[in-house]
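J.: Got a structure for you, written out below as structure tokens; questions coming shortly.
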Amino acid sequence: MSVIDEIKAHVDIVDVIGQSVQLKKAGRNYKGLCPFHSEKTPSFVVFPDQGSWHCFGACGTGGDVFSFVMKRDNLDFGDALRLLAERAGVELHRDADADQNRQALLDIHEHAANYFHYVLKHHAAAQYAREYLRQRRINRESIETFQLGFALSANASLREHLETKGFRAQEIERAGLVFANESGSYRDRFRGRLMFPIRNRRGQTIAFGARALEPEQQPKYLNSPDTPLFSKSDVLYGLDLAKDAIRNTHLAVIVEGYTDVVIAHQEGFKNVVAALGTALTEKQLSQLQRLTKRYALALDADVAGEAATERGLELARAALNRKQVPVPVGPGLIGFEERLEAELLIIELPPGRDPDEVILDDRAQWQELVDHALPLVDYYFRAQTRDLDVKTARGKTEAVRRLLPVIAEMNDAVERGHYLQELARLVQTDERVLAQQLESRGDRVKTKQVASTGAPAVRAGAKYDEHLLSLLFYDPAQISRVDFLEPDDFQNPAAREIWQALRQYLFTSRDFDSDEFLDRVSAAARAEAARFRDAAQQLNLSEADTARELEAAAYRLRLQRYRDELTQLQFALEDTSLSEQVALYAFADALRQHIAETQRALNARTVLKSSAFVDIKSR
């Protein structure tokens, strides 16, 4: 029995969920109001026999006790595992050396932050840094809240201080705070700069951002290098202080600069965070997805800012979760449309103004800009036609060339129709002409007729998620064949985390280094990932066979998910009032259609060879 299975065996999912949701017995199951969206009619069902839960309302999400705790408490899998293990009385086998090394790095950063902060407040050499903060109108409370500091210009000021605390130069170098020069002596990385401690979601300092205060200092901003604690693309500055406000306001405002965040929080706008750089990354977005599905980008209103916005939005569309939703389109017909599970907005700043300047000069104007942030496509329309004269034939043609592909990406028929009308108005052209051009692209939303497929099949016992991940370790280059899979397809929380990390790693790195990848997943999932890698070493498949195996495993995994959801739905129907059953029956029909389509796709693949299916548990 795995640690995960052992915890599930010792934890009552009804008791865990019952701490947050008022549950009422409904036959063999329990029902209540979904804690993840507002509703008046209970659509949240707990299935104690299966150890799972599902929301049949607006959320459409579900999972096991791990996924519930992760979603409820905004935790990653490792934290949820530790919390539930403690509740269950199950001992986790931890890598003591890795934990000790990590704690040492955290201790170094804590001492460094305290030292920089003390220097800023009390050292005579920091007077011009204090004057800079006064000019930027950053008050004492903000200096304390964000623990701002100052690095002296001496070559070894921080190193010598940390050595008095018992840390060795090699440890301080590993933390990224010093570096060795050609002669082998160590120099402080940050010298003569205003220091912004960068903290993780728990409020622990893991890195620093440093701002130059003299014109000749380059670069203007200098961040810590990548360390075992810190990767620039993974962190959002200020998230530790903003997470509650983001959850309460249902909106994350993303800016570019440290000072923008400090001033926003100082003036009461506490749902503001900053990306550490010009491009928003997938890992940064994944942290926000646990808090909200509404994101507003407020980037500097200059050429670089606009380019960064478009890069960030392009990545956001690819990174954010999507889901298939059933849409009634006529008698007996349901269309399935893929919708982005997020609302992406753009805050257009006045020319030449940064967020902190707008906030300090006129708090009401900032609030109005946030309240009137442009939806993603509206911003695209404005940004892509800014340089065009749409009154001329050439300008109209170019506008259509740029914007029609954006409309073609939309799978929501109503949304497509709306923006097709907007484009027609913009270029003063008959909408039917544009619709014909769009149709010629072959980008229609497909409507599928719902058909009953009879009783759901018995759930397969094979560990398709483990087999699929082992195949990806065997031939990582083939991940694009199964990129349609979603995190919810993986019932095992560790496998879900490994899939998400593996997908990001393979789509952002040219070469696959399994050891480097294992360092990117949490300690809780690392042992599972190593097991999948070891299993991959036992495989001996051609490229074509690997492709068929991989696709078959993916479709079996998806099929297993749909069948489980249908089984849960049928249990829910037994304990649901007649008025509620209409919507649930439509959802059930949609699931049966998905099952039929997935089964057809699976039938088209070669049946798994017994020699290829490695028994991972035995290794």
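The values are calculated or read from the model by the stated rules, or taken from the named source; none is laboratory data. Everything quoted here is computed from the prediction, not taken from an experiment. A quick note on method: Cβ atoms are made from the backbone with ideal geometry, for glycine too, and the neighbour counts reach across all protein chains shown. These area figures cover heavy atoms from the full protein model, side chains too; ligands, DNA and RNA do not enter into them. Shrake-Rupley method; radii C 1.70, N 1.55, O 1.52, S 1.80 Å.
J.: Do you know which of the residues in the range 197-240 that are of a type in the set (Val, Ile, Thr) and part of a loop (DSSP other than H, G, I, E, B) is surrounded by the most Cβ atoms within 10 Å (Cβ to Cβ)?
T.: 235
J.: Go through the range 525-540 and report how many residues are open to solvent by 30 Å² or more (accessible area, probe 1.4 Å) and either assigned to a helix (DSSP H, G or I) or hydrophobic (A, V, I, L, M, F, W, C) (or both).
T.: Residues that pass the stated criteria total 6.
J.: Now a separate question. Return the residues of the range 231-284 that are within 17 Å of residue 369 (Cα to Cα), at pLDDT below 95 and charged (D, E, K, R); say none if nothing qualifies.
T.: Result: 256, single match.
J.: Confirm whether residue 475 is touching a residue at least 24 places away in the same chain (Cβ under 8 Å), acidic (Asp, Glu) and in contact with a strand residue (DSSP E or B) (Cβ under 9 Å, 6 or more places away or on another chain).
T.: No, not satisfied.
J.: Being surrounded by fewer than 20 Cβ atoms within 10 Å (Cβ to Cβ), of a type outside the set (Gly, Ala, Ser), at pLDDT 80 or above and within 21 Å of residue 11 (Cβ to Cβ) is the filter here; which residues of the range 32-54 pass it?
T.: Of everything in the range 32-54, those that are surrounded by fewer than 20 Cβ atoms within 10 Å (Cβ to Cβ), of a type outside the set (Gly, Ala, Ser), at pLDDT 80 or above and within 21 Å of residue 11 (Cβ to Cβ) turn out to be 35, 36, 48.
J.: Then there is this: Could you figure out which of (1) in contact with a strand residue (DSSP E or B) (Cβ under 6 Å, 6 or more places away or on another chain); (2) part of a loop (DSSP other than H, G, I, E, B); (3) open to solvent by less than 10 Å² (accessible area, probe 1.4 Å); (4) not β-branched (Val, Ile, Thr) isn't true of residue 194?
T.: Result: residue 194 fails condition (2) only.
J.: Taking the stated definitions as given, is residue 76 modelled with pLDDT under 80, out of contact with any Ser or Thr (no Cβ under 9 Å at 6 or more places or on another chain) and surrounded by fewer than 19 Cβ atoms within 10 Å (Cβ to Cβ)?
T.: Criteria not met by residue 76.
J.: Please verify whether the range 408-416 includes one or more residues that are under 19 Å from residue 376 (Cα atoms), of a type outside the set (Ser, Thr, Tyr), modelled with pLDDT of 85 or more and within 35 Å of the chain's Cα centre (by Cα).
T.: no
J.: Then there is this: Scan the range 379-395 for residues that are outside any loop (DSSP other than H, G, I, E, B) and open to solvent by 50 Å² or more (accessible area, probe 1.4 Å) and report the count.
T.: Here the count works out to 3.
J.: Answer yes if at least one residue in the range 125-134 is surrounded by 20 or more Cβ atoms within 10 Å (Cβ to Cβ), more than 20 Å from residue 223 (Cβ to Cβ) and touching a Phe, Trp or Tyr at 6+ places or on another chain (Cβ under 9 Å), and no otherwise.
T.: Yes, the range 125-134 contains a residue that is surrounded by 20 or more Cβ atoms within 10 Å (Cβ to Cβ), more than 20 Å from residue 223 (Cβ to Cβ) and touching a Phe, Trp or Tyr at 6+ places or on another chain (Cβ under 9 Å).
J.: On to the next question. When you scan the range 1-110 for helices (runs of 4 or more DSSP H) that lie fully inside it, which ones turn up with 3 or more residues that are free of Cβ contacts under 8 Å to residues at least 12 places away in the same chain and closer than 30 Å to residue 167 by Cα?
T.: Result: empty, no element qualifies.
J.: Look at residue 502 and say whether it is in contact with a helix residue (DSSP H, G or I) (Cβ under 8 Å, 6 or more places away or on another chain) and open to solvent by less than 10 Å² (accessible area, probe 1.4 Å).
T.: Criteria met by residue 502.
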